[in-house]
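Just below is one structure, and these are the notes that go with it.
The values are calculated or read from the model by the stated rules, or taken from the named source; none is laboratory data. As the structure is a computational prediction, the values presented were derived from the model and not from experiment. Don't worry about glycine lacking a Cβ; one is built from the backbone with ideal geometry, like all the others, and counts go over all protein chains shown. Keep in mind that these areas ignore ligands, DNA and RNA; they rest on the heavy atoms of the full protein, side chains included. Shrake-Rupley method; radii C 1.70, N 1.55, O 1.52, S 1.80 Å.
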Amino acid sequence: MLMQTIRNTFRSWRRTPVLAVSALLTLSLGVGFNAAVFSVVHAVLFRPLPYAASERLVELFEVEPARGALRASVLNYVSWAERTKTLEALAAFNGVSFNVQEGDSQAERVNGAVVTASLFRVLAVAPLAGRPLGPADERPGSRRVALISQSFWQRRYGADPSLIGQTVPLNGERYEIVGVVPDTFRDVGRSRVSSAASPQIFVPLTIDAARENRGNRVMRVVGRLRPGVSIGQARDDMRGIAAAISSEFPATNTGWSVRVDSVYDSMLDEGVRPSLLALLGAVALVMLIACANVSNLVLAKAIGRQRELALRTALGAEPRRLVGQMLTESICLAAVSGVIGVAISVFAVEALRSWLPPAMPRINEVRVDTVVLAFGLLVSLLSGILFGTLPAIRVSRVDPLQALTGSGRGVAGGSSRVLRQSMVAAQVALATTLLAGSVLLLESFVRLQQVPLGFAPGGVLTGRVGLPRAAYPEPPRVRDFYERLLQSLEANADVQSAAVATSAPFASGVRRGAVVGERTTASTVSSLSVAEHIVSEGYFQTLSIPILLGRVFDERDVAGSPSVVVINQATARQLWPRGDAIGQQLEIDGRLHDVVGVSGDVRGDDVRGATGGGLERQSPAAIYFAEAQFPQSTMTVLLRASSGLSKRTRSTNDLAAVATALRAAIREIDPAVPADQVRPLDDWLTEAVAQPRLTTTLAAAFAAMALLLAGIGIYAVAAYSVGQRRPEIGLRIAVGATRAQIVAMILRSGLTSAGAGMLIGFAGALAVNRLLAGLLFDVRPEDPLAFASVATILGVVALVACYLPAMRAASVDPLVTLRSQ
């Protein structure tokens, strides 16, 4: 019986190919986009991490009210591991980079990490070859050993098994390769879980308690909960341990506690979860609109079959059988749409992956898997039930006598007209809600793009350089390398100015936070949490950062001379609001520094993010130290292209000549030192707004689709209504109704439904937009401009959709129409 019903279903749809194709296309696109967006949400938010019992993994931070959550010091980590009762294992690690060069091959900069041996236990990962790290590898003076990732082993060494036990040069020193770890052995927690920047080389963290400082909070710490222990119990346990450590070591730990987060929560930036859930909600609204649209199509098809269904009822068919048949037809249509939609989702996922922000965690895991397939098919099944139920119930109530004799309008009567208009109102309401949110996000994104940066990124190239400690053990040698590098670059015709810094705005680099105190002749009267930067004297000129008071660093500021600093306006405003910062002194870690300059504020220097956060974050209080006084082995090189080249690069984004100059200058000084992450500063800025751009773009696309579907729905109902009311319209014209009156009648009918839908949609938008508040920048959820724009757009669409059928109604020939009756 079921197979017969299915066969009849496909015969029925073949008799109305235009309607069938329209329904299939609408549903397929809806299912495809739902499955594609769900694939991203599932990979980032819901898919288990590639570790055993990953729900028991946690990340630990040291927290202090003035500074927020920071990493942990090595000694505090050791104390935690010794005292915890709720964590079965703790591990510490930190990202580092290695210069790898063998023989005459070109030097390569490779991401890596220093890790404790316990990381293997925490992540429950075993090496593919060789052995894991052990406690003996962490002792000071032990031989240098390293593990490499599976992908690095395959790419650089051709998966040669004989590599185990051999030594390779890392940062100018020989390390014995003792094992190969799977690519799942990656950073966990706040950094990316899966990315192109995953560490490839792992070396043991050597802990020498005599040389460590509890205030040096640089390590990331992860742990594994004991079976049966909740994260709340772990938090209570760690807070008690932190309190005890604070009393034992007040100089470094007073006021500090411990925060414990699940790895799932800690790896996501603030806006990722709400952005993805907002997109999933938006595409679900589109699916509901599509269902309402298809429901109207199915109802129209049912109206054409009313005599057939009435005859079957007259011959004894039960209403539930008719409802079952029509639901079967709807589910069959939905099933076919689901298969096509899942196929569409495969291509849509590939497109989405190219649009996803590079910093989004687990981006490489976004794919159409069995869970996504099941989701797509479930959506199609539910949509079939949803859009098929109302028409099926309505058709089952047809009066067979009226339908067979033609004495009534059957399902085409007033109640069916109300049903169709109600579904149109529902489509418009959903489209209004979605469009309002989309307009708010677009307005927010436009305002975000207009935020003053405080510097000029156009025409600036950045690159990271790391000097191996074995070759550059002393600060004077480090300083000499960078001084020679800057002199060589500034002599190049393609380079206008050059500088080095621990980081550039929005770019990767070393970002530190500190608490500074204003030092007077009496005492420290105020303090402030700031972002620390170490920069060369050409930094401000290269980035076009204005100096508001005082001076920048110069030849006077060298090792051995009094320490000087430049502070930004935010720091000066909070510590010296009267504008007398120049000549004052700051105290940091017991050392005094003279303030010689005040610079403008710069966005993208936030220490909370590895790449300086997003545009929405306010410029932090910042302090700049002279690189000549505090040389660092790893620095970011910044090059501003010469004026002619800079103009060209702003349009072509091609800084190849400057990049070539950078690599050549480094190679001339030391061929064993590679340049890494050589890219325009504009690229970093683009990545900083990638998340809001993705959310805005997709929300706008879904809103446009919803608007199109709503417009089609309004037009379809208006056109069908005109077709059903042709005798009435002909009679009205025959008794003297003008064309304008006929057009007004049809417009009034269609626009009434659309207007009711808009009112309901605006009420829904007010509620939904409050949920989007965390994604908005400088825009209120109830922004009147956004609502006025939505009303205008929807009003124009509804007017056009109703006007075309209205003009057709006005052209009805009353004589022909009345004769046909």
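Things to note:
- When the solvent-accessible area of segment 50-192 is split by element, carbon and sulfur atoms take up 48 percent of it, the probe being 1.4 Å.
- Under 5 Å from the amide H of residue 117 lie the amide H atoms of 205, each residue being 5 or more positions distant or on a separate chain, with H modelled from the backbone and absent for Pro and chain starts.
- Nonlocal amide H pairs with residue 599, under 5 Å, H built at 1.01 Å: 548, 567, 568, 569
- Residues residue 246 and residue 477, FRET efficiency given R0 of 35 Å [Cβ-Cβ distance, rounded to 0.05]: 0.30
- For segment 18-81, a Kirkwood radius taken over Cα pairs fed into Stokes-Einstein (10 °C, viscosity 1.306 mPa s) yields D = 96 µm²/s.
- With θ taken as phi - 60° and the Karplus curve 6.51 cos²θ - 1.76 cosθ + 1.60 applied, the whole-hertz 3J(HN,Hα) list for segment 450-466 is 8, 5, x, 7, x, 8, 10, x, x, x, 10, 10, 10, x, 9, 10, x Hz, x standing for glycine and proline.
- Relative contact order, percent, segment 137-285 [alpha-carbon distance under 8 Å, six or more residues apart]: 23
- For residue 145, the residues 5 or more places off, or on other chains, whose built amide H falls under 5 Å of its own are 176.
- For segment 679-750, the share of accessible area belonging to carbon and sulfur comes to 65 percent (1.4 Å probe, ligands and nucleic acids excluded).
- Taking every protein chain into account, the accessible area of segment 116-178 amounts to 48 square angstrom per residue (probe 1.4 Å).
- Packing-based order for 737-748, 109-120, using average beta carbon neighbours within 10 Å, highest first: 109-120, 737-748
- With the highest mean first, a sort of the peptides 697-710, 66-79, 341-354 on other beta-carbon atoms found within 10 angstrom per residue produces 697-710, 66-79, 341-354.
- Gyration tensor (alpha-carbon) shape descriptor, segment 473-512, a/c threshold 1.5: oblate
- Table column - 3J(HN,Hα) (Hz), segment 779-795, Karplus curve with 6.51, -1.76, 1.60, x for Gly and Pro: 9, 8, x, 9, 3, x, 4, 5, 5, 5, 5, 5, 4, 5, 4, 5, x
- Residues in segment 173-181 carry Karplus couplings, in order, of 10, 7, 10, 7, 7, 9, x, 10, 9 Hz; the curve used is 6.51 cos²θ - 1.76 cosθ + 1.60 with θ = phi - 60°, and Gly or Pro positions show x.
- Most tightly packed first, judged by the mean number of other beta-carbon atoms within 10 Å of their residues, the peptides 621-631, 240-250, 369-379 read 621-631, 369-379, 240-250.
- Per residue, segment 705-821 exposes 51 Å² of solvent-accessible protein surface, assessed with a 1.4 angstrom probe and all protein chains in place.
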